[in-house]
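Read the structure below first, then the notes.
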Amino acid sequence: MAWYGKTAHELIEAVSQRQASAVEIAESYLGRIEAVEPRVDAFTQVWRDSALEQAARVDARIARGENAGPLAGVPVALKELLCTVEGETTCASRILAGFRSPYDATAVQRLKAAGAVLLGKLNMDEFAMGSSTENSAIKLTRNPWNPECVPGGSSGGSAAAVAADECAFSLGSDTGGSIRQPAALCGCVGMKPTYGRVSRFGLVAFASSLDQIGPLTKDVRDCALALNVLCGHDPMDSTSADVPVPDFTRGLDGDMRGVRVGLPREFFTDALSGEVREHVEATVKALEARGAELREVSLPHSEYAVATYYIVCTAEASANLARFDGVRYGFRHPEAKTMLDMYVMSKTGGFGPEVQRRILLGTYVLSSGYYDAYYLKAQQVRTLIKRDFDRAFEQVDVIAGPTSPTPAFRFGEKTADPLTMYLSDIYTISCNLAALPGLSLPCGLTASGLPVGLQLLGRPFDEEMLLRVAHCCEQLRGGIGKPPLA
């Protein structure tokens, strides 16, 4: 039987009911990867032998009558910037080629403890800097719905692998939309949890005040199951929040009575694709028919979000990426003859154009004479953006809108104009600046057969509400089917 098309909760049931072994499921997914990977190119590393060994250990525990964990036998893949003892951790960058981590990220440790089977690592924009995965130093990943289109970014490999049934779910990271935007473009569910909800220990940092790990899944219930395992306080991460972790599957009942849904007027403008708007509005209207109350809200400072984000994130990237210097690990230019040569040539040869651009921008806004004019001002505007959401959530329980202004675009369409590419995240960036949870789920297909994503934003640490509303949307609108990939 082909197990690779099943959801994680279906696989969990199959293993627990002895309908399939973890090894059989792993073999099914490994076969799927072998069959479709030449057309998708989502994986940077496939750990075939290791995956089968992990699956065999799960089966052995079950045979002994032990509890093999809440994700027993579920095949999962990881974004290339999560530290793992297995394989390399390169962040899809030449400067970290060959680097092997001495430890697993906390999120990876929790997946292993839960019985998940790790299949390998997935392609991404270099150091998570991009919205299309075209910035990877390793390969181009293609959208399973149309191989001429990008899968989104920076977690493009994570989204494409789930959409192509190459893993049951995947982990990505979200700094300004890098889980939600590719989830929208590839037609899967993507959750960016509240900042601090999931430990960042072992996540190679891009912008430390914005980065967050989260799952990309086939449906909302799988997202809830993944969060049950990933969330929780971690003393290894000083920004990890010590707050209770509920059972996120508990509220998936479809009841929308009393739920107030806010529609930001700033999100529904002429910049939004007509087809995207049509599907988003139809889904929200369906929620109203189920008992939800729709209210217009305003987020007046959202127009400054992109500019604010690209000051804050580049400044933090400039500081975080200074450690990659060719001295201790990673790429060192072979022709360097002096210490200055080593620094300059290793960074120039190791980092790609987009990473260099952001480091230069970040160094500039942090430099003497410009700090107050740019970085300090951006932090002040960030506070105003957060206050907009605080006021909105006094009136509503969840905010709904588009995830991306357009469906997936073609390769090369936006690479010549960085600003146009940056605007791909115009609806997702505010969520990170305000440290909120955000979720994207598919809500329809365009006439050309490309997925459209609906974004839901919630109060801090109220992932339960997002999952409750998302699950209802999923029931009301139905699935979008599978991409045209044999």
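Coordinate-derived values only; no laboratory data. Bear in mind the structure is a predicted one, so any value in this text is a computation, not a measurement. Backbone-built Cβ (ideal geometry, glycine too); neighbour counts: all protein chains shown.
Given R₀ = 35 Å, what would the calculated FRET efficiency be for K482 paired with T269, taking r from the Cβ atoms and rounding to 0.05? It comes out at approximately 0.60. Other residues within the sphere of radius under 14 Å centred on the Cβ of F268, judged by their own Cβ, net out at -3 (K and R +1, D and E -1). In plain terms, the chain is cut at each of the trypsin sites (Lys or Arg not before Pro) found in a DSSP loop with at most 14 other Cβ atoms within 10 Å, and the longest leftover piece is 338-486. Judged by the ratio a/c of the largest to the smallest principal axis of the C-alpha gyration tensor, segment 3-259 counts as rounded, that ratio being less than 1.5. The lysines whose alpha-carbon is closer than 26 Å to the alpha-carbon of K337, local same-chain residues fewer than 8 away aside, are K347.
Placing +1 on each Lys and Arg Cβ and -1 on each Asp and Glu Cβ, with no other charges, gives segment 3-259 a dipole about its Cα centre of roughly 160 debye. Each of L252, L340, L71 was scored by other Cβ atoms within 10 Å of its Cβ. Listed from fewest to most, they are L340, L252, L71. In a simple Cβ point-charge model (Lys, Arg +1; Asp, Glu -1; nothing else charged), segment 108-178 has a dipole of about 300 debye relative to its Cα centre.
Looking only at the chain, where both bridge partners belong to it, what percent of the DSSP beta bridges are antiparallel (to the nearest 5)?
Numbers: 29 of 44 bridges.
Counting only bridges with both partners in the chain, antiparallel ones make up about 65 percent.
Take the Cα of E13, step 7 Å toward its Cβ, do the same at E288, and the gap between the two points is 3.5 nm. Give the residue list of GluC sites (Glu not before Pro) in segment 343-446 that are DSSP loop and have at most 13 other beta-carbon atoms within 10 angstrom. Here the GluC sites (Glu not before Pro) that fit, given the DSSP loop and packing criteria, are E394.
Two decimals, Cα atoms only, Kirkwood Rh: what is Rg/Rh over segment 350-486? Write down the numbers at each step before the final one.
Values: Rg = 18.5 Å, Rh = 17.8 Å.
Expressed as Rg/Rh, it is 1.04.
Evaluated over segment 3-259, the count of Lys pairs having alpha-carbon atoms less than 24 Å apart is 17 (only pairs 8 or more residues apart or interchain).
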